[in-house]
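Since the structure comes first, as structure tokens, the remarks are kept for the end.
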Amino acid sequence: MPHQTRNVKPGTTERTVRTDDGQTLQVPADWELLPPGDAALTRRVKSGGPCWTMQEKKGRKLFSRGVWAPAVRIASIRAELEVERSTDSYARKRAADTARRERKQAEYVEDFHGEVLAFLAFHPQYADLAERLAQAVTTHATPVGSGTVARTQRIPVAQRAESAVIAWLRHQTTAYDNMKIARVKGKRREVRRMLAEQSRRLLEKYRMGHESAPDTCPLQQALQND
């Protein structure tokens, strides 16, 4: 019903949607789909009255497919935003917001790098190797939008750093990316757990200061190629 705000899934045709309880609904003729991408426009359209937020689950992730709402409302709010965004005050606000985000990101990168080094805790004779590894992991894991464990807010930074190191080692120092893993529930997790233990044993050698030949050590080889 168009007077109700709903969360829906894509239907079988372009202008149908499915509700959580399995109903198929026809999108009202005077509605249109606002694609995702403009957060401010989407917020205002959703707060302006009834609408249907369309989402699609793939694996464990939920993806936005846009918002169905009256075409007149979308056009009106879009025009208002265009006027606002053409002003000098808006440009100054955007510049200030960008600078703030960049400062926050720089601080996070520095903190994350420190947590990686703390987790590695290599023997002093391998301090340079630890720094190179920390830099490689940080560069890979911290960019905004990377989707890596370093960007999650659900666990502490120290735990993110540990997980990011293990993930980097899995991809860079093991055959994981080329493995043919049986499509059996739990098998991939089992393989990842086994490789994580292998990576932890490798790290422990450097914490203890054991000798390691650069031409045979998978970590040093990976950093040379990084």
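Which Cα, out of 42, 74, 23, lies furthest along the positive dipole direction of region 6-85 (beta carbon charges, K/R +1, D/E -1)? Farthest along the dipole direction, towards plus: 23. Take the cross-link list 104/185; 61/93; 9/104; 46/185; 58/187 and give me the ones stretching past 29 Å between alpha-carbons. Violating the 29 Å Cα-Cα cut-off are 104/185; 61/93; 9/104; 46/185. Rounded to 0.05, the FRET efficiency of the residue 105 and residue 29 pair, given R0 = 45 Å and the Cβ-Cβ distance, is 0.50. Label-to-label distance for residue 184 and residue 198 is 1.8 nm, based on points extended 7 Å past Cα in the beta-carbon direction.
On full extension, the segment bounded by residue 91 and residue 55 gains 9.8 nm, given 0.36 nm per residue less the C-alpha separation. Note on region 6-85: with charges restricted to the Cβ of Lys and Arg (+1) and Asp and Glu (-1), its dipole about the Cα centre is near 420 debye. Can you match mean projected area of the Cα convex hull in nm² to one of these, (1) 14.4; (2) 17.5; (3) 15.4, based on a calculation from the structure here? Calculated mean projected area of the Cα convex hull in nm²: the matching label is (2).
Taking Cα atoms only, the orientation of helix 71-85 departs from the longest principal axis of the chain by about 60 degrees.
Counting only aspartates and glutamates at least 8 places from residue 180 when in the same chain, those with an alpha carbon closer than 19 Å to its own are 190.
Which of the three applies to region 110-225, rounded, prolate or oblate, going by the alpha-carbon gyration tensor with a ≥ b ≥ c and a/c under 1.5 meaning rounded? Taking the square roots of the gyration eigenvalues as a ≥ b ≥ c, region 110-225 is oblate.
For residue 142, no residue 5 or more places off, or on another chain, has a built amide H under 5 Å of its own.
What shape does region 110-169 take by its C-alpha gyration tensor, where a ≥ b ≥ c are the square roots of the eigenvalues and a/c under 1.5 counts as rounded, a/b above b/c as prolate, and the rest as oblate? Prolate, since a/c reaches 1.5 and a/b exceeds b/c. Counting only DSSP H runs of at least 4 residues, each contributing -39500 (n - 2.57), and dividing by the residue count of the chain, the helix-based mean residue ellipticity at 222 nm comes to -17500 deg cm²/dmol. Computed from Cα atoms, the angle from the helix 157-173 axis to the main principal axis of the chain rounds to 70 degrees.
Between residue 118 and residue 78, the simple label model (points 7 Å from Cα in the Cβ direction) yields a spacing of 4.8 nm.
Fewest-first ordering of 12, 148, 24 by other beta carbons within 10 Å of each residue's beta carbon gives 12, 24, 148. On a 0 to 90° scale, report how tilted helix 187-208 is relative to the longest principal axis of the chain, with both axes built from alpha carbons and the result rounded to the nearest 10. Helix 187-208 sits at roughly 40 degrees to that axis.
When region 110-225 is described by a simple charge dipole with +1 on each Lys and Arg Cβ and -1 on each Asp and Glu Cβ, the residue from 130, 175, 116 located farthest towards its positive end is 175. Placing +1 on the Cβ of every Lys and Arg and -1 on the Cβ of every Asp and Glu, with nothing else charged, gives the chain a dipole about its Cα centre of roughly 960 debye.
No value in this document is a laboratory result; all are computed from the given coordinates. Because the structure is a prediction, the values reported are computed rather than measured. Cβ sites come from the backbone with ideal geometry, for glycine too, and all protein chains shown count toward neighbours.
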